[in-house]
Amino acid sequence: MTKTDQPIINYDRCDLCGKCVAACPVNALHMTADGPVFNQPLTCTYCTICEDICPQGAIRAPLTVRWAS
Amino acid sequence: MIDERYFKPIPLISSLSSTTQGMIAERGFLRELQAGETLVIEGMPAEYAYFLVSGSVRVIRMRRDGRMQVLARFGPGAPLNIISLLNQKKVNRASIETLTTTALLVLSASDFDYLLSHAPDFSKALLGIFAERIATITDLAAGLSLYSVRARLAKFLIELADKPDAASGWTQDEIAAHIGTVRDVVGRLLREFEAEGLIKRSRQQISLIDREGLFNQIEHEDR
Ligand code: SF4
Ligand code: SF4
């Protein structure tokens, strides 16, 4: 489990299918033997496509809702 | 023996008689999990009842096509896995996964049964919880027919922004489960709301910009 301002990956759920890596439009993810990692974290735009495509629900891109000040 | 201060965040238990609380303190135990751990696995025997002391969890189920689906999300005070235990088959009906560091009060299936038959206030409090959940489902069903998904999303965003302690950590799947739709629709509507100047999205944040415009989405359909 990684916690940054990128989506959070739960490696216990990941079955290494690689769909998130293939789907990321900016190649922010890279596949390793343990699962996807952010090789280019700064390029991640938080588009949430990887969260959407992951069949295992292993990626979460949480949001906070607030009133604009 | 559980310290009874852990009962405070769980209204179902803190409202019980001291005798029943004593029974729970004696029989229950505490469990702490990190974010992303699986508490309950769908299809496995239901062995424990859980009561959320702190943190949050999501209830998930595997769909036939092998994709995971979010069914609900719960915060402190919620009883979990109760229906699976009450069901004759005693099989977990869905999986439960922690979203944050989570503390739970745990009762084994046999202790849960013991309390049901020896502590009428416990049974009554559980019935109250079920009544509430049925009411919530009824409200959701009524909302599905009364309001468009656009109005339901606007309403839910306003509710979240008004409760800062509950407004963090929501994924689009979880929002969709809560308002009775699917993630794709939530994604599309958020893009529409942004294009219409009602909200602004920046990485992990959805800022509600146009209060009146958002309320209009709901009131428009109330007329
Ligand atoms: S959120 Fe978008 S940009 Fe970031 S890793 Fe996922 S798919 Fe790539
Ligand atoms: S799509 Fe999900 S399951 Fe597949 S590699 Fe990515 S994180 Fe793992």
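Where in segment B:75-182 are there helices (runs of 4 or more DSSP H), lying fully within it, with 3 or more residues that are surrounded by 16 or more Cβ atoms within 10 Å (Cβ to Cβ) and outside the structural domain of B:Val53 (by TED's automatic domain parsing)?
B:149-162, B:172-179
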- Query: Of the residues that make up segment B:184-207, is at least one of a type outside the set (A, V, I, L, M) and over 30 Å from A:Thr43 (Cα atoms)?
  - Reply: no
- Note on the structure: Counting only strands (runs of 3 or more DSSP E) entirely within segment B:1-73, those with at least 3 residues that are surrounded by 15 or more Cβ atoms within 10 Å (Cβ to Cβ) and not assigned by TED's automatic domain parsing to the domain that holds B:Gly180 are B:38-40, B:48-54, B:57-62
- Message: Please pick out the residue among A:Cys47, A:Cys20 that is part of a loop (DSSP other than H, G, I, E, B) and not hydroxyl-bearing (Ser, Thr, Tyr).
- Response: A:Cys47
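Does A:Thr4 satisfy the condition of being under 30 Å from B:Lys155 (Cα atoms) and modelled with pLDDT under 95?
Details: under 30 Å from B:Lys155 (Cα atoms): yes; modelled with pLDDT under 95: yes.
For A:Thr4, the condition - under 30 Å from B:Lys155 (Cα atoms) and modelled with pLDDT under 95 - is met.
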- Item | Unmet requirement for A:Val65, which otherwise passes all of (1) in contact with a Ser or Thr (Cβ under 9 Å, 6 or more places away or on another chain); (2) in a helix (DSSP H, G or I); (3) among the β-branched types (Val, Ile, Thr) | (2)
- Show the residue pairs that are 6+ apart or on different chains and have beta-carbon atoms under 8 Å apart, the first residue being within segment A:40-69 and facing chain B (nearest Cβ under 7 Å), the second being hydrophobic (A, V, I, L, M, F, W, C) and within 9 Å of ligand 1 (Cβ to nearest atom). A:Tyr46/A:Ala61; A:Thr48/A:Ala61; A:Glu51/A:Ile59; A:Glu51/A:Ala61; A:Ala61/A:Cys50
- Query: Is there a residue being without any contact (Cβ under 8 Å) to a residue 40 or more places away in the chain, surrounded by fewer than 14 Cβ atoms within 10 Å (Cβ to Cβ), away from chain B (no Cβ under 14 Å) and within 8 Å of ligand 2 (Cβ to nearest atom) anywhere in segment A:18-36?
  - Reply: yes
- Message: When you check B:Asp173 against the structure, is it within 30 Å of B:Ile83 (Cβ to Cβ) and within 14 Å of chain A (Cβ to nearest Cβ), yes or no?
- Response: yes
- Task: Tell me which residues, restricted to segment A:37-58, are more than 13 Å from ligand 2 (Cβ to nearest atom) and on the phi < 0 side of the Ramachandran plot.
- Result: A:Asn39, A:Gln40, A:Pro41, A:Leu42, A:Thr43, A:Cys44, A:Thr45, A:Cys47
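The values are calculated or read from the model by the stated rules, or taken from the named source; none is laboratory data. Here the structure is a predicted model, which is why all the values come from computation and not from measurement. Virtual Cβ from ideal backbone geometry, glycine too; neighbours counted across all protein chains shown.
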